[in-house]
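The values are calculated or read from the model by the stated rules, or taken from the named source; none is laboratory data. All of these numbers come straight from a predicted model, not from anything done at the bench. Cβ placement follows ideal geometry from the backbone for every residue including glycine, while neighbour counts extend to all protein chains displayed. Side chains included, ligands, DNA and RNA excluded: accessible areas come from the protein's heavy atoms. Shrake-Rupley method; radii C 1.70, N 1.55, O 1.52, S 1.80 Å.
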Amino acid sequence: MIEDYYFVIGMMSGTSLDGIDLVYTKFKKEDYTQFEITFSETVSYSLEWKKRLREAISYDKQRLASLNLEYGKLIAQEINRFINKNSIEKIDFIASHGHTILHEPDKGVTLQIGDGQTIANVTSRKVVCDFRTQDVKLGGQGAPLVPIGDKLLFPKYKHCINLGGFANVSFDNKVGKRIAFDICPVNIVMNYYMRKLGKEYDNNGELAMNGQLNEKLLQELNELTYYKTVPPKSLGLEWVQENVIPLIDANEKNISNILRTFIEHSAYQISKSIGNKGDVLYTGGGVFNTFLMKRIEFFTQQRVVLAEKKLIEYKEALIFAFLGVLRVDDKVNCLASVTGASSDHSSGDIFMKNFPETI
């Protein structure tokens, strides 16, 4: 029966700026592993929006507040279009991750724009959003948030890895506690250098494949302090700008060589994090970088088996829809073992049209 399921629209925007990921999904209330992505779509950003989202890290508070409202309106308009396009009728709520602009949890700072009240007003729907702030207030990293979904939706996999702007991993330790952390940057760095060539990304890793490995750069990347830090830990654009880009630029000018070396670095760090035992679920846009996946296979000595395309592309949007389900049910959706917060908790603000309810 229809009452046995939650019907949710999930929204995600990642640091690689691929666009707004939207899913319409359903979850069985008594067995969350029984879920389905019915409709899915990625809405590409205009050049203007890409520029604004990239530059927003340098905005003052007033400009960020304005951008928060404008971006909320953009999300809402795209959700309305998505609903109409697919003739969607049954919607319990919208769960929105928004787009991360600032993330320095050690300073008590995290900001995902996309105003929840604006989304609720424009769509006339219940909205769950802002999943990270409460965790940071509780002393956590506010990231990663996906691991609770990995644990409850994909229990058969030993490791779940998402290859987006950053690579992150989640898994159960020996006593059954979920552990998760950002492994290393991936697309956020490679796409940065591809844009210097007037392209958005390196298709199949073809340019990287033809580059030369810079051993000195590779060694210095692998020696970055972050990789010696124990979880909980997470990465943000600020860290990349301060630590990775200057290091690369000081050691290599040829972009093909940069990409070749950075793929080697990423694959090595990923293999260090997961070893070579047990099934691994790989998702995210980086999965379509054929050369990256071959280097991961090389370092792990384990054949990569890909999930279905819809899951590869939309797992994070699916899981933010699921985080909304847990929040609405007042169940834990943030794990202290993952983020380092003082306790497990149920995170997210809930908005109704013209009536904010922050819990």
### Query
Just checking, how many residues over region 199-238 are under 30 Å from THR339 (Cβ atoms), in a loop (DSSP other than H, G, I, E, B) and acidic (Asp, Glu)?
1
### Query
Could you say which residue among VAL122, VAL109 is more than 17 Å from the chain's Cα centre (by Cα), closer than 19 Å to TYR24 by Cα and without any contact (Cβ under 8 Å) to a residue 60 or more places away in the chain?
VAL122
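Just need a number here: residues in region 36-49 that are in contact with an Asp or Glu (Cβ under 9 Å, 6 or more places away or on another chain) and not polar (S, T, N, Q). So that I can check it myself, show each step before the final result.
So the first thing to find is which residues in region 36-49 are in contact with an Asp or Glu (Cβ under 9 Å, 6 or more places away or on another chain), and the list is 40-45.
From what's left, not polar (S, T, N, Q): 41, 43, 45.
Residues meeting the conditions: 3.
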### Summary
Of the residues in region 66-102, those that are in a strand (DSSP E or B) and either open to solvent by less than 20 Å² (accessible area, probe 1.4 Å) or under 19 Å from VAL43 (Cβ atoms) (or both) come to PHE93, ILE94, ALA95, SER96, HIS97, GLY98, HIS99, THR100, ILE101
### Task
Starting from residues that are outside any loop (DSSP other than H, G, I, E, B) and touching a His at 6+ places or on another chain (Cβ under 9 Å), keep the ones in region 326-348 and report whichever is farthest from ILE148 (Cα to Cα).
ALA336
### Query
Which one of the conditions (1) open to solvent by less than 60 Å² (accessible area, probe 1.4 Å); (2) within 30 Å of GLU89 (Cβ to Cβ); (3) more than 13 Å from the chain's Cα centre (by Cα) does TYR193 fail to meet, given that it meets all the rest?
(2)
### Task
Scan (1) farther than 19 Å from ASN222 by Cα; (2) open to solvent by 20 Å² or more (accessible area, probe 1.4 Å); (3) of a type outside the set (A, V, I, L, M) for the single condition CYS160 breaks and write down its number.
(2)
### Residue that is modelled with the lowest pLDDT, among those in region 296-324 that are open to solvent by 40 Å² or more (accessible area, probe 1.4 Å), outside any helix (DSSP H, G or I) and of a type outside the set (Val, Ile, Thr)
LEU306
### Query
All but one of (1) out of contact with any Ser or Thr (no Cβ under 7 Å at 6 or more places or on another chain); (2) touching a residue at least 60 places away in the same chain (Cβ under 8 Å); (3) of a type in the set (S, T, N, Q); (4) under 24 Å from PHE166 (Cβ atoms) hold for THR33; which doesn't?
(4)
### Task
Only residues that are modelled with pLDDT under 95, among the hydrophobic types (A, V, I, L, M, F, W, C) and more than 23 Å from GLY116 (Cβ to Cβ): list them for region 1-46, please.
MET1, ILE2
### Extreme residue, farthest from ARG52 (Cα to Cα), among residues of region 62-81 that are in contact (Cβ under 8 Å) with a residue 40 or more places away in the chain and small (Gly, Ala, Ser)
ALA76
### Query
Is there any pair linking a residue in region 272-295 that is free of Cβ contacts under 8 Å to residues at least 40 places away in the same chain and surrounded by 20 or more Cβ atoms within 10 Å (Cβ to Cβ) to one that is among the aliphatic types (A, V, I, L, M) and in a strand (DSSP E or B), with Cβ under 9 Å and at least six apart or on different chains, and which?
MET293/LEU163
